[in-house]
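Step one of this worksheet: look at the structure below.
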Amino acid sequence: MKNSGLIISGVFVFFILMENIFPLRVMKESKKKRTLINFAQALLAFPFTRLLTYPLIYFFAEKVAYYHWGILNLTHISPVVQGCIGFLLLDYLIYWWHRFNHTMSFFWRFHQVHHADKDMDATTALRFHFGELVLSGLIRIILILVFGFAMKTLLLFDLSVTALTIFHHSNLKLPASFEKWLGKILVTPSYHQNHHSYFQNETDSNYATIFNFWDRLHQSITTKMQAEKITIGLPQFHELNFMFLGLVALPFSKIKPWPKKYLSRN
């Protein structure tokens, strides 16, 4: 999609500014240090995503369109309806991919880099291990071949999911009435903060990325906690101060994922 990079940059800058004016939580870590580490993770991931997995994804999307592969292309519905179904299906599938990243030890080793952040703001949306992004890209290719998502649907979804990920990771306090209305459909910052909680029964909930009704459907929702009662991060890493290289090496370290008996607020 033309100018998608410019749009995402604008969204990122907007929420960086807004979360500093209307903060949801009091930040505990050095913002400068965290920002540098999170940007470094994104910079390392760039060649693996933009130069490797994304070109492969769009290559297969073009093949799917040319040969009419995939379940969606077997139907005789209009392109608009097909696009809407495809968009919802992509969001539903990313819900399950996110959930698998928490429940399957191999995937969690990569995803825990994202959750090891002791604070959460718009820069946390950049903090994904390149290994997780490559795995996500490979899974996306398989799903494209199976379901036959249209190129326009993929481009619109990628733009939307990136913008919404920045939004719901931001430390932005929304007006209560507006968030109550918006939160009936979309994932908001106070909704997603539960997912980054210190307590695993809360971390293993609220998996949705765009539409939060997937969590309601599968009963994986945790009700909104007050911002001052939320502790962000993972208990096994709370006394550790990871630098950039430590986070890169974390999935391959001997540090075990969640212990068998984990912390629970209940």
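Couple of notes before you dig in:
- Cross-link pairs Lys180/Lys229; Lys32/Lys180; Lys118/Lys173 - those with Cα-Cα distance over 27 Å: Lys32/Lys180
- Report summary: the helix-based calculation at 222 nm, which adds -39500 (n - 2.57) for every DSSP H run with n ≥ 4 and divides by the residues of the chain, gives -17500 deg cm²/dmol.
- Most positive-pole-ward Cα, Leu133, Asn171, Ser160, against dipole of the stretch 117-182 from beta carbon charges: Ser160
- For the chain, size of Cβ-based charge dipole, Lys and Arg +1, Asp and Glu -1, in debye: 400 debye
- Positive dipole terminus of the stretch 72-219, leading residue within Ile144, Ala116, His102 (C-beta point charges): Ile144
- Shape call, the stretch 35-249: gyration tensor on alpha carbons, a/c limit 1.5: oblate
- For the stretch 85-157 versus the stretch 1-66, the gap between their alpha-carbon centres in whole angstrom: 13 Å
- Amide H contacts under 5 Å for Leu172: Leu24, restricted to partners 5 or more places along the chain or on a different chain, H placed in the peptide plane at 1.01 Å from N.
- Protection proxy ranking of 82-92, 174-184, 202-212, 17-27 - average other beta-carbon atoms within 10 Å, highest first: 202-212, 82-92, 17-27, 174-184
Laboratory data are not the source of any read-out in this text; all were calculated from the coordinates shown. On a predicted model such as this, the values are computed, not experimentally measured, just so you know. Backbone-built Cβ (ideal geometry, glycine too); neighbour counts: all protein chains shown.
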